[in-house]
Structures are given as C-alpha cells and as structure tokens.
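The structure under discussion appears below in the form of structure tokens.
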Amino acid sequence: MRQTRKRTEPQLNPNPITHTRGAHVLGTGVGATVGGITGAIVADAVMGTVAGPIGTVAGAAVGAVAGGLTGKITAENVNPTDEEKYCRENHSTRPYALNKSYDDYGPAYRYGRESYGRHKGKRFDDVEKDLERDWEGAKGKSRLKWHHAKHAVRDAWDRLAATHEKP
C-alpha cells in the first residue's frame, strides 16, 4: 500500500480575523509604533508650541499609519520562516561557524534579518557600530561575543540585500 504525503502550502500569514493572505501583525505593529513615536517627535520639533499637544498627537497618528504600512511591506518582502530554514540548513557550511551549533548562531542570523529591515537602504558597514552596541541586548541565549556573531549577522544581512536590492 502506497502512502501519500500531505502537501503543505507555504506560509500565507493569514489574517486572524478575515483569514485573508498577507497579515503581518508583527511587522505592521513594530512599524506603527516606531512611526508613531517618530511622528510625534518630528511634529513636536517642527511645530513646537504653535500646534501644541494636538500637533504632536496628529504627528503621531500620521507617523503610525506610515510606519505601519512600511512595516507591513517589509514583512511581506521577507519570509522569516524561509530565511531561518536557509540559515539552519547552511550554517555548518559557513566559514565562521567554528564548530559551534546553530543554537549559538541562530540569534545572530535573526538579528541580521531584523537589522536589515530597520536599516533598509544602508550598508552594513555604515551601521556596524550601532549593531555591535546593541548585540548584547539582542543576542538572547546566544553565547557569542560580537566579534564572532558579526559574521552571521552580516551573512543574513547580505543575503537579504542581494535578494531585495537592485544592482
């Protein structure tokens, strides 16, 4: 008797309410939060006391909408499940792996993907100092120091840049 394998569909990120494709709740939420804060700061700095608190609230609202849309678009362009699978499957072939497990490098790959999304349009070399500074807070359970982790961070960054940026 021949068994048939159940074919699985790729992750469609279904909306939890409408069940339609393309809900990127995390990307949209992070984008809206960052955009809202930025909008409030910019509105306050530009309009200052002229617009008062109402101007700051309006700036926050506009920033939240713009940031939410940006976060959703970024999340749609990067499938973290596929990227993690790629890193997990190819980790042992990377020259920097140093016989350490994927468990140590996994957070570095994730940090590279997330950082690329936050700094889109910038070169890794231009933001490396900021990434190094923030690594300790981002590394989770990884035991890697920055001088080892940065190679995996850059590897994930470069993979996304090659995929999403035009030459």
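Using just the Cα positions, wrap segment 79-164 in a convex hull and report its mean projected area in square nanometres, one decimal place.
5.2 nm²
So between ASP126 and THR163, what do we pick up on full extension, going 0.36 nm a residue minus the alpha carbon distance?
Between ASP126 and THR163, full extension yields an extra 11.4 nm.
Distance between Cα centroids, segment 78-127 to segment 138-164: provide it in whole Å.
Computed from Cα coordinates, the inter-centre distance equals 4 Å.
Can you give the extra length, in nm with one decimal, that the chain gains between ASP103 and ARG118 once fully stretched, where that is 0.36 nm per residue apart less the Cα-Cα distance?
Separation in residues times 0.36 nm, less the Cα-Cα distance, equals 3.1 nm.
Throughout, read-outs are computed from the coordinates displayed, never taken from laboratory work. Quick caveat, the model's predicted, so the values are computed rather than measured.
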